[in-house]
1. Condition test on Ser209, is it polar (S, T, N, Q), out of contact with any Asp or Glu (no Cβ under 9 Å at 6 or more places or on another chain) and crowded, with 16+ Cβ neighbours inside 10 Å?
2. If a residue has to be closer than 30 Å to Leu206 by Cα and in a loop (DSSP other than H, G, I, E, B) to count, how many in segment 40-82 make the cut?
3. Can you confirm whether Pro37 is closer than 22 Å to Leu226 by Cβ, in a loop (DSSP other than H, G, I, E, B) and more than 14 Å from the chain's Cα centre (by Cα)?
4. Going through segment 96-118 one residue at a time, which ones are within 19 Å of Ser57 (Cα to Cα) and not in a loop (DSSP other than H, G, I, E, B)?
5. Taking the conditions exactly as written (within 19 Å of the chain's Cα centre (by Cα), closer than 17 Å to Val162 by Cβ and acidic (Asp, Glu)), does Glu125 satisfy them or not?
6. Can you pull out the residues in segment 169-185 that are among the small types (Gly, Ala, Ser) and open to solvent by 10 Å² or more (accessible area, probe 1.4 Å)?
7. Quick one: which of His98, His124 is over 18 Å from Pro28 (Cα atoms) and touching a Pro at 6+ places or on another chain (Cβ under 6 Å)?
8. Which one of Val142, Val217, Val162, Val166 is in a helix (DSSP H, G or I) and open to solvent by 40 Å² or more (accessible area, probe 1.4 Å)?
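The values are calculated or read from the model by the stated rules, or taken from the named source; none is laboratory data. Keep in mind the model is a prediction, meaning the values are calculated, not measured. Note: ideal-geometry Cβ built from the backbone for every residue, glycine included; neighbour counts use all protein chains shown. Side chains are part of the model used for accessible areas, which takes the heavy atoms of the whole protein and leaves out ligands, DNA and RNA. Shrake-Rupley method; radii C 1.70, N 1.55, O 1.52, S 1.80 Å.
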Amino acid sequence: MSTNDEAEFLQGELWPLVDVDPKKARFPCCLVWTPLPVVAWLAPFIGHFGICQEDGSILDFSGSNLVSIDDFAFGSVIRFFISSHLLKCCFPPNLSAHSCKHGYKHHEYGTALSWDDALHTCKHEYETKTYNLFTCNCHSFVANCLNRLCYGGSMRWNMINVAILVLCQGHWVDTISVLRSFLPFVVVLCLGVYMVGWPFVVAWFLFASLLVTWFVVGTYFVKDFLKC
């Protein structure tokens, strides 16, 4: 499904939404991403996440006790994912009216009556949390929102699958966004190889592997290790 098709579906079938407008930083009911400065020069898959309200404004957990609205940290959005009819949410008015398979578990976790209701509840929750890049970060905030929505019928959203969803199924804002994401990494890698040689590539591979291993092990193998 194309970007336009997904947006038209949301506007016609769910609720009236504004159009996606990158120039005005409006991404209704989208997940958005931008590279993390310096860190992304060595690991271009590391970035900052946000989730957008129905009016397209961006919410992001960008510091301890701070969830910003329309003040996306670390630069403008370069990649976004639009929610579609293939990934429905569950908005139960009561315990017996769940459209998802989780029922009581979803009710116990916390439900919402609308997309914005879920985001506002999570916003208030994360305004009491301490930010930590490695354990409680913007990925955690977005995953919490999706779990409260029971997005796609799942309550197993976490740092890893949120990142995979946006990075693998998202849309680039424009060609410049692709360059912003990968050019610094390519430049640093080429300079490293030129000045240091292949040991730089080995060191880079170890660095990237350690980052991935930390989040994968912490998310899937050590219970509650990366839980905010």
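1. On the way: polar (S, T, N, Q): yes; out of contact with any Asp or Glu (no Cβ under 9 Å at 6 or more places or on another chain): yes; crowded, with 16+ Cβ neighbours inside 10 Å: no.
When the stated conditions are applied, Ser209 does not pass them.
2. 11
3. Taking the combined requirement at face value, the residue does not satisfy it.
4. Selection gives Trp115, Asp116, Asp117, Ala118.
5. yes
6. Applying the first criterion (among the small types (Gly, Ala, Ser)) to segment 169-185 yields 170, 177, 181.
Scanning segment 169-185 gives a single hit, Gly170.
7. His98
8. None of the other options fit; the residue is Val217.
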